[in-house]
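Take a look at the structure set out below.
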Amino acid sequence: MASRGVAAAAVFVLAVGLAFPRDEPPTGESKGIEVFTDSTDETVKKIRAKLFDVPIGKDAIGNEIKIRCWKSTTPNLGERYSYSCHGLTFGGYAANKMSPTNDGASLILEKFYKPIDPADAHAGDVLVWRNSEAIPIHSGIIEKLTTKSDHVLDADKTTVNSKNGVLPEKVETVADLEKFFNTRKNPTTVMIYTLK
């Protein structure tokens with residue numbers, strides 16, 4: 001089932017890769033912004049990025065759809081500080097060291113994915129944590145999916161390849177990720193998505 005994860009990441013990799021080659025800077029740059037504004041870590045507070053509008057396709061009447069992405073402009077902090085969970089999940093980091101913003105991730109999900117029940121999910125599908133305003137605040141790729149007898153996701157046994165803020169990529173259980181979010185007092189809903 002690893003091919004599903006490769007296909008999911010390829011959707012965004014293809015869009016970003018076609019939008020601008022690796023050796024040329026993207027257009028639509030803005031001034032550097034703070035990326036992780038709620039951090040108390042001094043290194044994290046130093047991270048700055050530029051925002052880009054990346055075309056990912058067209059809507060039903062032919063208008064171009066663009067998503068907002070960020071790319072680190074802070075040198076010498078190390079790779080783990082240069083992308084987010086959405087960059088990992090949707091392949092933007094692999095394509096051009098970019099990460100979709102939460103709004104960008106929402107548009108990617110809307111255009112290329114559909115929500116599914118745990119009983120229909122497989123390794124390579126995507127888990128998305130949404131806050132109380134339905135904004136996708138975190139995402140990860142299912143490594144191993146386990147459901148309970150009532151077809152509900154087993155949070156203690158299902159594992160996800162994820163990246164929490166500037167922490168390194170890590171495969172961990174959904175239960176551990178939920179503990180991480182609960183300590184940050186972020187009410188969330190977890191949803192599973194697969195490619196359309």
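Computed from backbone phi, the HN-Hα couplings of the stretch 97-104 come to 6, 10, 10, x, 5, 4, 5, x Hz, rounded to whole numbers (Karplus: 6.51 cos²θ - 1.76 cosθ + 1.60, θ = phi - 60°; Gly and Pro given as x).
How charged is the neighbourhood of residue 151? Take every other residue with its Cβ under 11 Å from the Cβ of residue 151, and add Lys/Arg as +1 and Asp/Glu as -1. The answer is -3.
For every other residue with a beta carbon closer than 11 angstrom to the beta carbon of residue 175, add +1 if it is Lys or Arg and -1 if Asp or Glu, then tell me the sum. Taking every other residue near residue 175 into account, the sum is -3.
Amide H to amide H distances under 5 Å link residue 140 with 127, where only residues 5 or more positions off or on other chains count and H is placed in the peptide plane.
Of 174, 101, 129, which is farthest along the charge dipole of the stretch 83-196 in the positive direction, counting Lys and Arg as +1 and Asp and Glu as -1 at C-beta? Value: 101.
Cross-link check: pairs 71/179; 58/196; 71/144; 66/97 evaluated at a Cα-Cα cut-off of 19 Å; pairs beyond the cut-off: 71/179; 71/144. When the P(r) is computed for the stretch 113-195, the part past 15 Å accounts for 54% of the Cα-Cα pairs.
Every number in this text was worked out from the coordinates using simple rules, so none of it is lab data. From a predicted model like this one, the values you see are computed outputs, not experimental measurements. Quick reminder, even Gly has a Cβ in these numbers, built from the backbone with ideal geometry, and neighbours come from all protein chains shown.
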